[in-house]
Amino acid sequence: MQRSKYMETLKGGYAVSFEISPIWREAFSLAWDAFCRGSVPVGCVVVDGEDRILARGQNAIYDDEIRTPLAGTNLAHAEMVALSKLRNSEHNPRLYTLYTTLEPCPMCFGAIAMMGIKQVRYAARDAMAGSAALTAATPYLRSKCIHLEWEDSPLEVFQIALATAFELNRKHPKQQQLLELWESDCPVGVHVGTALYQRGDFHTAVRERWEFEQVFARVMTNSANVREIGRGGGLYEDSAF
């Protein structure tokens, strides 16, 4: 599979790079679009055995305009939107793999099980609502033989940074609890998301209509620099973002 490489150069010539597959690029482009539209930043794609994308979905619970019957409802999670596009007469989901930028919640896990999808890959853990543990919760779910795989890559940092910025802007009553739970798994993501949100960087990116690649590269650069904070480093400052 062809992979794309994104690189951002720091002052002093330091650079950080990370390769991302076209599938994950599409999923995160959907997550970024959801963020820009004021909804929860989660994206999802369903692919066949040859990695061809068959269905796409992005969270739309706060988006009444996007084209899905679920838009503007609490059912409009990215996975639900993608799965709703797979008609029984046209697809055999048992042969497909679902990619989602955030660990599926109980509702989405249930939909995955009922659709018969066997392979699920997620980029970031969700200690609040993530439901990978449900694979063995009941005899019925165990019989589904669903294999969930956490990507365990820098993609988690980007997803958590984006989700952190969204939650800080949303000001949900359970915001502190949610961020503390995410921080237990991905402290760098929460730290970068908080810092860039407070600095106004995400607002600037939305206003100037930045593409996913630009935002991803900047978050990755700052996440690499944040790891140096204990040794006197800090966030990368750049007036362009």
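The values are calculated or read from the model by the stated rules, or taken from the named source; none is laboratory data. Model, not experiment: these values are computed from the prediction. Areas reflect the complete protein model, heavy atoms only, side chains present, ligands, DNA and RNA absent. Shrake-Rupley method; radii C 1.70, N 1.55, O 1.52, S 1.80 Å.
Under the rule of at least 5 residues apart or a separate chain, name every residue whose amide H is placed under 5 Å from the amide H of Gly43.
Ala31, Thr101, Leu102
Can you work out the Karplus-derived ³J(HN,Hα) for every residue in region 184-199? Use 6.51 cos²θ - 1.76 cosθ + 1.60 with θ = phi - 60°, whole Hz, and x for glycine or proline.
5, 9, 9, x, 5, x, 5, 5, 5, x, 5, 5, 5, 5, 5, 7
Give a residue-ordered list of calculated ³J(HN,Hα) values for region 99-106 (Karplus: 6.51 cos²θ - 1.76 cosθ + 1.60, θ = phi - 60°; whole Hz; x for Gly, Pro).
Values per residue, Gly and Pro as x: 10, 9, 6, 9, 3, x, 7, x Hz.
Kindly sort His147, His91 by accessible area of their heavy atoms, largest first, with the probe set to 1.4 Å. Spell out each step's value before the answer.
Working: His147 90, His91 45 Å².
Highest to lowest solvent-accessible surface, that is His147, His91.
Using a 1.4 Å probe and ignoring any ligands, DNA or RNA, find the accessible area of Asp48 and quote it in Å² to the nearest 10.
Answer for Asp48: close to 20 Å² accessible.
May I ask you to give the percent of accessible area on the chain that is carbon plus sulfur, with a probe radius of 1.4 Å?
On the way: 5630 of 11670 Å².
Here carbon and sulfur together make up 48 percent of the probe-accessible area.
What residues qualify as long-range amide H neighbours of Arg121, i.e. H under 5 Å apart, gap of 5 or more or another chain, H built at 1.01 Å from N?
Leu98, Tyr99, Thr100, Glu149
Considering only the chain, what is the antiparallel percent among its DSSP beta bridges, to the nearest 5? Before the final figure, lay out the partial values.
On the way: 15 of 24 bridges.
The antiparallel fraction comes to roughly 60 percent.
Given a 1.4 angstrom probe, what's the average accessible area per residue across the chain, in square angstrom? Before the final figure, lay out the partial values.
Details: 11670 Å² over 241 residues.
That works out to 48 Å² for each residue.
What does the accessible area of Met220 come to, in Å² to the nearest 10, when a probe of 1.4 Å is used?
Probe radius 1.4 Å; accessible area of Met220 about 20 Å².
In whole Hz, with x marking every Gly and Pro, tabulate ³J(HN,Hα) for region 165-178 from phi via Karplus 6.51 cos²θ - 1.76 cosθ + 1.60, θ = phi - 60°.
With coefficients 6.51, -1.76 and 1.60, one gets 4, 4, 5, 4, 6, 6, 6, 5, x, 9, 4, 4, 4, 4 Hz.
Give the Debye-formula value of log10 I(q)/I(0) at each listed q (0.16, 0.19, 0.23, 0.26 Å⁻¹), with one equal scatterer per alpha carbon of region 33-106, two decimals each.
-0.53, -0.73, -0.99, -1.16
Run lengths n ≥ 4 of DSSP H only: what is the helix-derived mean residue ellipticity at 222 nm for the chain, with -39500 (n - 2.57) per run over all residues, to the nearest 500? Walk me through the intermediate numbers first.
On the way: 9 runs with 97 residues, N = 241.
Only helices count here, giving -12000 deg cm²/dmol.
If Trp150, Trp210 are ordered by their accessible area, calculated over protein heavy atoms with a 1.4 Å probe, which sequence runs from highest to lowest? Don't skip to the end; give the middle numbers.
Values: Trp150 75, Trp210 40 Å².
The ranking, largest first, comes out as Trp150, Trp210.
Heavy atoms only, probe 1.4 angstrom, no DNA, RNA or ligands counted: give me Ser153, Ser89, Ser184 ranked by accessible area, highest first. Provide the component values of the computation, followed by the final result.
On the way: Ser153 30, Ser89 105, Ser184 85 Å².
Largest accessible area first, the list is Ser89, Ser184, Ser153.
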